[in-house]
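Asker: Handing you this structure, nothing more for now.
The values are calculated or read from the model by the stated rules, or taken from the named source; none is laboratory data. All of these numbers come straight from a predicted model, not from anything done at the bench. Positions of Cβ are backbone-derived with ideal geometry, glycine not excepted, and every protein chain shown enters the neighbour counts. To get the accessible areas, we keep the full protein, side chains included, count just its heavy atoms, and leave off ligands, DNA and RNA. Shrake-Rupley method; radii C 1.70, N 1.55, O 1.52, S 1.80 Å.
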Amino acid sequence: MPSLPDVATPDVVTLAERAAAAQSHDPHVADVALKPAFFDWLCRMGDNSLILGHRISEWCGHGPVLEEDIALANTALDLIGHTQMWLGLAAEVEGAGRSADDLAFLRDAMKFRNLKLVELPNGDMAVTLMREFLFDAFHFELLTALTKSSSPRVAEIAAKALKEVSYHLERSSDLVVRLGDGTEESHTRMQAALNKVWGYTGEMFAADAVDAAVAEAGIAPALSDLLPLWQRTVGEVLDEATLSQPEQRFDAHSGGKKGRHTEHLGYILAEMQFLQRAYPGASW
Amino acid sequence: MYAQMVKSEGMKSPEEMTPEERAFQERVDRGEKIEPKEWMPEGYRKTLIRQMGQHAHSEIVGQLPEGNWITRAPTLERKAILLAKVQDEAGHGLYLYSAAETLGVSRDELMEKLHSGAMKYSSIFNYPTLTWADMGAVGWLVDGAAIMNQVPLQRTSYGPYSRAMIRICKEESFHQRQGYAIMMKMAQGTPEQKEMAQDALNRFWYPSLMMFGPSDKDSVHSAQSMAWKIKMNTNDELRQKFVDETVPQATYLGLTVPDETLTWNEERGHYDFAEPDWDEFFEVIKGNGPCNEERLGARREAWDKGAWFRDGLTAYAEKAAARRAASNVAAE
C-alpha cells in the first residue's frame, strides 16, 4: 500500500497471546467460590475509572487554560487505561466469553458498579477538581494497599495505576490549595463545590459483603482501614486551602456500588455506548 | 497545514535592501537558522507571528471536531487513542505558542486576537464531524494534508519554529496512521460502516484540498515568504503532492474519491483533479462555514468561563511569593 506500509500489524494476536502467557499465575482468578464477589469488585474498580475518565474527557478542548486542558486529557487517558486492565481482568474472572469492551459498552446502568461520586456532572472546574481530589485521595490509598494484594494480577495492575494516580493526587491537591486560597471568587467556588460533593464521599468507605469477601481473601484491604488515611490527607489539604469541612453527613448518598445510580449515569451510557448499541457485532 | 493566506510584506530586490537586510537574507540563503535574539527584518517577525499564531490556533480549535467523538468512541482502545491524539494537538498548540512568544508576542495577546476574529485558524475545522468514520477521515486526510506542509517546514529558517515542527511531525505521522487504520476497519466492515467511510471521504475531500489555500503561483506574499524560508513550497505544489499520494490510498481502501474528472496524467506524471469550490472556501474564511460559530464560540466560552480559575492561580502565586519574601526577611 502506498506510503503507509505498516498500518496493518498482522501479528497482534500472537503478541497478545505472548503477553497473556507472561502474566503471573493467580489462583484467585480460577477460584469458583470467590468468583461472584471478585468479579463484582473488579467491576467496581473498572467502572470508577471508566466513568470518572469519561466525565473528565468531556473537558477536552474546553479547559480554562491550555496546560489544564492537557492535564485533564492526560488524567482521563490514564483512567481509561486502568479501565482496560480492571475490566479485562473482570472479564477473565467471569469466564463467560465477555471482553473488557463488552463490559464497558454492553451493560446497562443497573449492572454498573461505580460510586455515585464519579458520575456527578462536571459543573465548573471547581466541582470537577474537588470531585477528583476527594476520589484521588481515596484511590491513592486503595491502590497503595492493593500493591500488597494476595492476588498477583491485582497487585500488578495496582502498581501500574499507582504511579499515575500519585500524580493525579499531587495535581488535584495542589490545585485545591491554590484555588481555595486564591481569590474570593475561587474560594467561594471551591467551598460550594466541596459542599456539593461531600455527601457522596462516604460511599467509598461503606463496606458490604463483596468488600468483606475480597478483604477476607487478602485481595483488597478493609475499607475501614483506609478511612483515617483519607481523612488525614483531606483534612490537611482543606486546611491549607482555607476551606471548611462541611457539617453535613459525608455518607448521605450511596448505592452506586450495588447498581443504584443517579439519573446521570443513564445519559453517560447512552452517549458512551451509542455505536456498540446501534451497530451490534460490528468491529471498530 | 494550518496556515492559510498568511499575509507577508512586499518583496525587496537586493539593491533595495539595507545592508542589515542583505546580510540577513544571505544567512537565510546559506541555510543558517535565525534565533530569537538576533536581528531580523520587522516584516519577517510579523509574518512569522501571523503564521505561527494561526498554526497554534488551528491546533487548539482542531481539538474540537475530534473531541466531539471522545465520549462516543466505540471501544476502550479507540477512546484511549483518540484522547491521546487530541491531547497531542493541544501539546502542539503549546509548542507553537511558546515558539511565537520568542518573537515578542504573549500567548494571551494571541488568544485575544483569535477570540476577536482578528486572527484566523484553518478553514478545515469549521466542518462538522458527523460519524465515527470522520475520526478516520480527519486523521487520514486532514493530518495528511497538514504533514505535506509541515515536513518541509522542519527546514524553515526560524530556529524555534523549525524545532517545534520536528517534534510535531513525529506525532502527526502517527496521527495519520491511526486515521487510516480507522478508515481501513470501516471500509472492510459492515455495509453501514463502509457507507460511513465513503460519506466521510465525500465530505472531507474538497475541504482537505482547500487546506493548502488558493493558487499562489503569482502571489507577492508567497514569494517573500519563500525567500525568507518560512514557506517552502507553493500551495499548488503541495496540493498536487497530496492528491498524488492520497488517491492510491483511497483505492486501496476500496473507496471512491468524489471527483469524476480525476485521471492519471502520464505526461505530467501526476493526477489531474478538480479544484475545490473557492467561493465556499472564502465564505468559510469569512466566518460563514457550517461550524464557525460553534468552534469560535466554544473557545471564547472556555476562556471566559476559565477567567476565575486563571485569576485564582495568579492570586495564589502572588500571595505565596509575598509569604516567602516575608519569611526571608524574618529569617534575616
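Asker: Does segment B:82-94 include one or more residues that are in a helix (DSSP H, G or I), in contact (Cβ under 8 Å) with a residue 24 or more places away in the chain, closer than 23 Å to residue B:34 by Cβ and open to solvent by less than 10 Å² (accessible area, probe 1.4 Å)?
Answerer: Within segment B:82-94, one or more residues are in a helix (DSSP H, G or I), in contact (Cβ under 8 Å) with a residue 24 or more places away in the chain, closer than 23 Å to residue B:34 by Cβ and open to solvent by less than 10 Å² (accessible area, probe 1.4 Å).
Asker: Residues that are within 27 Å of residue B:298 (Cβ to Cβ), β-branched (Val, Ile, Thr) and part of a helix (DSSP H, G or I): does segment B:171-185 have at least one?
Answerer: Within segment B:171-185, one or more residues are within 27 Å of residue B:298 (Cβ to Cβ), β-branched (Val, Ile, Thr) and part of a helix (DSSP H, G or I).
Asker: Is one or more of the residues making up segment B:60-79 polar (S, T, N, Q) and buried (at least 22 other Cβ atoms within 10 Å of the Cβ)?
Answerer: yes
Asker: Quick check on my filter: what residues within segment A:102-124 are of a type in the set (Lys, Arg) and either in a helix (DSSP H, G or I) or touching a strand residue (DSSP E or B) at 6+ places or on another chain (Cβ under 8 Å) (or both)?
Answerer: A:111, A:116
Asker: Within segment B:277-284, identify whether any single residue is within 19 Å of the chain's Cα centre (by Cα), open to solvent by less than 80 Å² (accessible area, probe 1.4 Å), in contact (Cβ under 8 Å) with a residue 12 or more places away in the chain and more than 11 Å from chain A (Cβ to nearest Cβ), and answer yes or no.
Answerer: Yes, segment B:277-284 has at least one match.
Asker: From the list B:215, B:222, which residue is assigned to a helix (DSSP H, G or I) and at pLDDT below 95?
Answerer: Just a single option satisfies the conditions, and that option is B:222.
Asker: Further question: Just name the residue that is nearest to the chain's Cα centre (by Cα) out of those in segment A:158-204 that are closer than 16 Å to residue A:135 by Cα and of a type in the set (D, E, K, R).
Answerer: Here the answer is A:164.
Asker: Could you pull out the residue among A:196, A:163, A:148 that is in contact with a Gly (Cβ under 8 Å, 6 or more places away or on another chain), more than 12 Å from every other protein chain (Cβ to nearest Cβ) and open to solvent by 20 Å² or more (accessible area, probe 1.4 Å)?
Answerer: A:196
Asker: Which one of the conditions (1) away from every other protein chain (no Cβ under 14 Å); (2) in contact with a Gly (Cβ under 9 Å, 6 or more places away or on another chain) does residue B:114 fail to meet, given that it meets all the rest?
Answerer: Residue B:114 satisfies every listed condition except (1).
Asker: Provide a single number: the residues in segment A:54-89 that are among the hydrophobic types (A, V, I, L, M, F, W, C), at the interface with another protein chain (Cβ under 8 Å from one of its Cβ atoms), open to solvent by 10 Å² or more (accessible area, probe 1.4 Å) and part of a helix (DSSP H, G or I).
Answerer: Here the count works out to 3.
Asker: Let me ask something additional. Looking at residue A:18, is it at pLDDT below 95 and of a type outside the set (A, V, I, L, M)?
Answerer: Considered against the rule, which asks whether it is at pLDDT below 95 and of a type outside the set (A, V, I, L, M), residue A:18 comes out as yes.
Asker: Looking at segment B:1-31, which of its residues are within 21 Å of residue B:119 (Cβ to Cβ) and open to solvent by 60 Å² or more (accessible area, probe 1.4 Å)?
Answerer: B:5, B:7, B:9
Asker: Right, here's the next one. Kindly list the number of the only condition in (1) open to solvent by 70 Å² or more (accessible area, probe 1.4 Å); (2) within 13 Å of another protein chain (Cβ to nearest Cβ) that fails for residue B:312.
Answerer: (1)
Asker: Here's another thing I want to ask about it. Where the second residue is polar (S, T, N, Q) and the first is over 22 Å from residue B:70 (Cβ atoms) and lies in segment B:129-155, which pairs have Cβ atoms under 7 Å and are six or more apart or on separate chains?
Answerer: B:145/B:208; B:147/B:173; B:147/B:176; B:152/B:233; B:154/B:162; B:155/B:162
Asker: Looking at residue B:74 and the list (1) touching a Leu at 6+ places or on another chain (Cβ under 8 Å); (2) part of a helix (DSSP H, G or I); (3) within 11 Å of chain A (Cβ to nearest Cβ), which single condition is not satisfied?
Answerer: It fails just one condition, (2).
Asker: When the residues of segment A:90-101 are narrowed to those that are at the interface with chain B (Cβ under 10 Å from one of its Cβ atoms) and in a helix (DSSP H, G or I), which ends up least open to solvent (accessible area, probe 1.4 Å)?
Answerer: A:100
Asker: Moving to a separate point now. Out of everything in segment B:236-276 that is touching a residue at least 60 places away in the same chain (Cβ under 8 Å) and within 14 Å of another protein chain (Cβ to nearest Cβ), what residue ends up being most open to solvent (accessible area, probe 1.4 Å)?
Answerer: B:241
Asker: Sticking with this one: For residue B:189, are the conditions met, namely being of a type in the set (Gly, Ala, Ser) and surrounded by fewer than 20 Cβ atoms within 10 Å (Cβ to Cβ)?
Answerer: Spelling it out, residue B:189 is indeed of a type in the set (Gly, Ala, Ser) and surrounded by fewer than 20 Cβ atoms within 10 Å (Cβ to Cβ).
Asker: Of the residues B:232, B:183, which single one is at pLDDT below 95 and either at negative phi or surrounded by fewer than 17 Cβ atoms within 10 Å (Cβ to Cβ) (or both)?
Answerer: After ruling out the rest, the residue left standing is B:232.
Asker: Quick one: would you say residue A:244 is in contact with a Lys or Arg (Cβ under 9 Å, 6 or more places away or on another chain) and away from chain B (no Cβ under 13 Å)?
Answerer: no
Asker: Considering (1) acidic (Asp, Glu); (2) within 30 Å of residue A:185 (Cα to Cα); (3) surrounded by 12 or more Cβ atoms within 10 Å (Cβ to Cβ), say which one residue B:318 fails and leave the rest.
Answerer: The number of the failed condition is (3).
Asker: Being in contact with a His (Cβ under 8 Å, 6 or more places away or on another chain) and open to solvent by 10 Å² or more (accessible area, probe 1.4 Å): is that true of residue A:174 here?
Answerer: Considered against the rule, which asks whether it is in contact with a His (Cβ under 8 Å, 6 or more places away or on another chain) and open to solvent by 10 Å² or more (accessible area, probe 1.4 Å), residue A:174 comes out as no.
Asker: Give the residue, chosen from A:113, A:107, A:131, that is within 14 Å of chain B (Cβ to nearest Cβ), open to solvent by less than 40 Å² (accessible area, probe 1.4 Å) and not small (Gly, Ala, Ser).
Answerer: One residue alone meets the criteria, A:107.
Asker: Look through segment B:1-55, keep the residues that are β-branched (Val, Ile, Thr) and under 26 Å from residue B:125 (Cα atoms), and return whichever of them is modelled with the lowest pLDDT.
Answerer: In this case the residue turns out to be B:6.
Asker: With respect to the numbered conditions (1) at pLDDT below 95; (2) within 20 Å of residue A:52 (Cβ to Cβ), which one is the sole condition not fulfilled by residue A:262?
Answerer: Among (1) at pLDDT below 95; (2) within 20 Å of residue A:52 (Cβ to Cβ), the lone unmet condition for residue A:262 is (1).
Asker: Next question. So, in segment B:32-48, of the ones that are part of a helix (DSSP H, G or I) and surrounded by 20 or more Cβ atoms within 10 Å (Cβ to Cβ), which residue ends up farthest from the other protein chains (Cβ to nearest Cβ)?
Answerer: B:44
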